[in-house]
Amino acid sequence: QKILELTRSKSPLVFKPLPQDDPQQRCPDISKAQAQLGWCPTITLSEGLNATIPYFADKLKPCG
C-alpha cells in the first residue's frame with residue numbers, strides 16, 4: 001500500500017494465498033550486524049523508498 005501511495009499508482013493491490021512453506025511472519029534481526037560490524041540503520045523506510053522510487057522510475061524510462 002505504501003508503494004502504491006508513493007508512486008500514485010492506480011494498480012490494484014492483489015492478495016494471493018501464500019505458499020505452504022512461507023514463514024508468514026517476517027521480523028528481520030539486525031543484532032548480528034550491529035554486534036559484529038557496528039552497523040545500525042540510519043535511513044527510515046519512508047526515506048529509502050522516497051530515494052529508491054525515483055531512481056528506478058528513471059532507469060525504467062524507454063531508451064531514445
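Numbers at a glance
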{"item": "Of residues in segment 13-64 being part of a loop (DSSP other than H, G, I, E, B) and among the small types (Gly, Ala, Ser), the one surrounded by the fewest Cβ atoms within 10 Å (Cβ to Cβ)", "result": "Gly64"}
{"item": "Cβ pairs under 7 Å, 6+ apart, first in segment 25-49 and within 21 Å of Leu4 (Cβ to Cβ) and free of Cβ contacts under 8 Å to residues at least 60 places away in the same chain, second surrounded by 10 or more Cβ atoms within 10 Å (Cβ to Cβ) and not hydroxyl-bearing (Ser, Thr, Tyr)", "result": "Leu49/Ile3; Leu49/Leu6"}
{"item": "Yes/no for Leu4 being out of contact with any Ser or Thr (no Cβ under 8 Å at 6 or more places or on another chain) and hydrophobic (A, V, I, L, M, F, W, C)", "result": "no"}
{"item": "Test: Ala35 is small (Gly, Ala, Ser) and at pLDDT 95 or above", "result": "yes"}
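The values are calculated or read from the model by the stated rules, or taken from the named source; none is laboratory data. Note that the coordinates shown come from a computational prediction; the quantities given were computed from them, not determined experimentally. Here Cβ is always computed from backbone atoms with ideal geometry, including for glycine, and neighbour counts include all displayed protein chains.
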